[in-house]
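Heads up, the thing below is written out as structure tokens.
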Amino acid sequence: MDAILTAMEQLGIENPHFNYFGTKKSARTVDLDNQKALDFTKALVDKYAAYFSGKADIFNIGLDEYANDATDAHGWQVLQASKHWPGEGYPEKGYEKFIQYANDLAAIVKKHKMKPMAFNDGIYYNGDTSYGTFDKDIIVSYWTGGWNGYDVASSKLLSELGHHSDLGFILRIWSLKLEAQAFQLWIHSISEM
């Protein structure tokens with residue numbers, strides 16, 4: 001996204017970056033209040049989805065780690081904050097706008113006869129379903145279980161809400177670890193011969 005935001009600026013789109021309280025600009029996250037920037041990213045996804053239509057079944061729209069670089073990994077909390085602290089300078093209905101943006105991108109991908117996929121951390125962040133509904137056709141690629149203060153929705157909740165998950169990423173990592181362990185055992189057995 002970094003290069004896309006830079007290109008937007010070079011093409012005359014002003015302030016495409018998310019800006020945290022006017023003090024810290026995200027290098028890699030689009031501003032959900034900048035309609036020209038959103039339209040640009042949607043047009044770009046449309047072009048790439050059109051290209052890959054018929055060549056791929058799934059198209060990943062990303063949607064992960066919103067403004068983590070500008071918020072010390074609290075981007076999702078910042079988007080959800082205006083509901084709890086209205087008028088305190090947090091993005092007004094930020095998370096609702098994110099859900100709409102995600103659904104708009106999913107619709108573009110589906111228009112091109114592919115299944116949309118997104119990373120899990122922003123989908124119903126903190127397990128909170130009160131902000132709106134993500135398109136159930138979005139396949140959730142569960143890449144993280146979260147970390148201290150970065151509270152993602154559980155795979156169980158996402159499944160209960162009708163989302164399919166791509167646990168293949170995690171299974172591939174486990175598989176690689178098992179292969180590495182098997183290789184080490186094999187090396188050990190050879191060295192004892």
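The values are calculated or read from the model by the stated rules, or taken from the named source; none is laboratory data. Here the structure is a predicted model, which means the values were calculated and not measured. Using ideal geometry, Cβ is built from the backbone for each residue, glycine included, and neighbour counts are taken over all protein chains shown. Ligands, DNA and RNA are stripped out before the accessible areas are found, and what is left, the full protein with its side chains, is counted by its heavy atoms. Shrake-Rupley method; radii C 1.70, N 1.55, O 1.52, S 1.80 Å.
A value for Rg and Dmax of the Cα atoms in Å was derived from the coordinates, and within the list (1) 34.7, 129; (2) 19.4, 72; (3) 17.6, 57 it appears as (2).
In the chain, helices alone account for a calculated mean residue ellipticity at 222 nm of -14500 deg cm²/dmol, with every DSSP H run of four or more residues adding -39,500 (n - 2.57).
Considering only the chain, what is the antiparallel percent among its DSSP beta bridges, to the nearest 5? Close to 30 percent. Taking the average, over residues, of other Cβ atoms within 10 Å as the packing measure, peptides 146-154, 91-99, 118-126 rank 118-126, 91-99, 146-154 from highest down.
In the context of the full set of protein chains, the chain has a per residue accessible area of 57 Å² (1.4 Å probe). Measuring only protein heavy atoms, the 1.4 Å probe finds Met117 accessible over about 20 Å². Find the Rg to Rh ratio for the stretch 1-72, where Rh is the Kirkwood radius over alpha-carbon pairs and Rg uses the same atoms. Expressed as Rg/Rh, it is 1.02. Can you give the angle from 0 to 90° between the axis of helix 75-84 and the longest principal axis of the chain, with both taken from C-alpha atoms, to the nearest 10? Compared with the principal axis, the helix lies near 50 degrees. Which one, Gly87, Leu38, Tyr66, is farthest towards the positive end of the dipole of the chain when Lys and Arg carry +1 and Asp and Glu -1 on their Cβ? Of the candidates, Leu38 comes out farthest on the positive side. Protein-only accessible surface at a 1.4 angstrom probe places the residues Thr41, Thr129 in the order Thr129, Thr41, largest first. Largest GNM mean-square fluctuation across His74, His84, His164, computed for the chain with C-alpha springs under 10 Å, falls on His84. Ordering 137-144, 43-50, 28-35 by mean Cβ neighbour count within 10 Å, with the highest value first, yields 137-144, 28-35, 43-50. Here the stretch 1-129 has 51 percent of its accessible surface on carbon and sulfur atoms, given a 1.4 Å probe and all protein chains in place.
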